[in-house]
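Colleague: Right, I'll just put the structure down here and ask away after.
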Amino acid sequence: MIPRMPPQEARLGFIYSAPFRIQGVSVAGEQAVVHVPELDLVFDIGLCPRPTLASPTVALTHAHMDHVAGLPYWFSQRFFQKMPGTARCLAHPKMVEPLRRMMASWVDLERQKTPHEIVPIEPDSDFQLRPNMAVRAIEVSHTTPALAFVVIERRSKLKDEFVGLSQERLRELKSQGTEITRTLEIPLIAYTGDTEMGDFLLRDEFVNAKVVITECTFFEDEHRDRAKIGKHIHVEDLRPLLEAWKAKDVVITHVSRRTLIPFARERIEAIAGAERAQHVHLLMDHRSNRARHESQVAAVENAAGNAPSTDAAFVETDAASAETDA
Ligand SMILES: [Zn+2]
Ligand SMILES: [Zn+2]
């Protein structure tokens, strides 16, 4: 008997919520890594799928092995592959020293230094990703110090009292030192990390985020205690959250391996209703996500008069339509 070939490696889950690609692998206790190329950001780095090397920043929610194990390898590979930009990991201030010690021990093991930055991010503070975009840390409640992250875009908007004035008048006001604009904060993507239910998940940043990526580890009724002990979200906790969050898409991660996808879908529909559930996606539900992606591609092709689609056309068209929605 010839033995069977080994199973293929875990495929990346993929959800396109215009204009963002949300891709990664997330299975409770095994690995959690969610990459958003459009933000140049990786949330957690449980293992190190190759596409994550393209982005220079990891926002680490907490230091459980399933979230942090890929970090030294990610730093090392980014250096080895000569990726541009200094690789950095944003982490809870209480985790910074242990993470630095972990990286230092790799120097002893490898007899070489891998460039890296471990950057503390205080709860309720922002780290600037681009001139108009920052990631904010929000303290959550888990069995280790833990953060959620929200990526926030800042847009300056004309103050209401100046709307309708001529450009000339506005320039004049500005030159006299009048502040004619105010800054709007638009939460783009919120990521819970591992946490139990808490009011922090009902903060404005979460309520108004365009996309929420949330853990939901347990779905069985008899696992409510386990969720409480491990400080994780149980599907019942999602009931008020899905009501409060205005996100057009909610992406569920960190589902335990023993939970069957159809059962999880059933439970989500039961608590959210069929209509809302259509906008709640399981990152690792490859079959549904592939069907959804195919229908997204088909819709763009139809709109373009059956012209052959390219990736660029796909992203542009959808981004444009997202803007008119907003
Ligand atoms: Zn975890
Ligand atoms: Zn954890």
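Colleague: Which one of these is within 16 Å of ligand 2 (Cβ to nearest atom), free of Cβ contacts under 8 Å to residues at least 60 places away in the same chain and not basic (Lys, Arg): Ala63, Ala87, Ala69, Ala59?
Modeller: Going through Ala63, Ala87, Ala69, Ala59 in turn, just one is within 16 Å of ligand 2 (Cβ to nearest atom), free of Cβ contacts under 8 Å to residues at least 60 places away in the same chain and not basic (Lys, Arg): Ala69.
Colleague: Run Thr195 past the list (1) at pLDDT below 95; (2) β-branched (Val, Ile, Thr); (3) within 16 Å of ligand 2 (Cβ to nearest atom) and report the number of the one that doesn't hold.
Modeller: (1)
Colleague: Please go through the range 59-99 and pick out each residue that is within 25 Å of His142 (Cα to Cα), in a helix (DSSP H, G or I), more than 16 Å from ligand 1 (Cβ to nearest atom) and of a type outside the set (Phe, Trp, Tyr).
Modeller: Across the range 59-99, the qualifying residues are Pro72, Pro93, Lys94, Val96, Glu97, Pro98, Leu99.
Colleague: Give me the pairs: first residue in the range 257-286 and of a type in the set (Gly, Ala, Ser), second residue open to solvent by 80 Å² or more (accessible area, probe 1.4 Å), beta-carbon distance under 7 Å, and six or more apart or on different chains, which are they?
Modeller: Once the first residue is of a type in the set (Gly, Ala, Ser) and sits in the range 257-286, its partners that are open to solvent by 80 Å² or more (accessible area, probe 1.4 Å) give Ala277/Glu269.
Colleague: Can you spot a residue in the range 226-238 that is open to solvent by less than 30 Å² (accessible area, probe 1.4 Å), closer than 26 Å to His35 by Cβ and more than 16 Å from ligand 2 (Cβ to nearest atom)?
Modeller: yes
Colleague: State yes or no: is Trp106 open to solvent by less than 40 Å² (accessible area, probe 1.4 Å) and not β-branched (Val, Ile, Thr)?
Modeller: Here the answer is no, as Trp106 does not meet what is asked.
Colleague: Test each condition in (1) open to solvent by 20 Å² or more (accessible area, probe 1.4 Å); (2) of a type in the set (A, V, I, L, M, F, W, C); (3) assigned to a helix (DSSP H, G or I); (4) touching a strand residue (DSSP E or B) at 6+ places or on another chain (Cβ under 8 Å) for Leu241 and report the one that comes out false.
Modeller: (1)
Colleague: Among what's in the range 81-101 and is touching a helix residue (DSSP H, G or I) at 6+ places or on another chain (Cβ under 7 Å) and surrounded by fewer than 16 Cβ atoms within 10 Å (Cβ to Cβ), pick the residue that is farthest from Tyr191 (Cα to Cα).
Modeller: Across the range 81-101, the extreme among qualifying residues is Gln81.
Colleague: Next up: Which one is nearest to the chain's Cα centre (by Cα) among residues in the range 185-230 that are assigned to a loop (DSSP other than H, G, I, E, B) and of a type in the set (Gly, Ala, Ser)?
Modeller: Once the filter is applied, the top-ranked residue is Gly193.
The values are calculated or read from the model by the stated rules, or taken from the named source; none is laboratory data. Given the structure is predicted, the values throughout are model-derived calculations rather than measurements. No Cβ is skipped: glycine too gets one built from the backbone with ideal geometry, and neighbour counts run over all protein chains shown. Heads up: the accessible areas ignore ligands, DNA and RNA and are worked out on the full protein's heavy atoms, side chains in. Shrake-Rupley method; radii C 1.70, N 1.55, O 1.52, S 1.80 Å.
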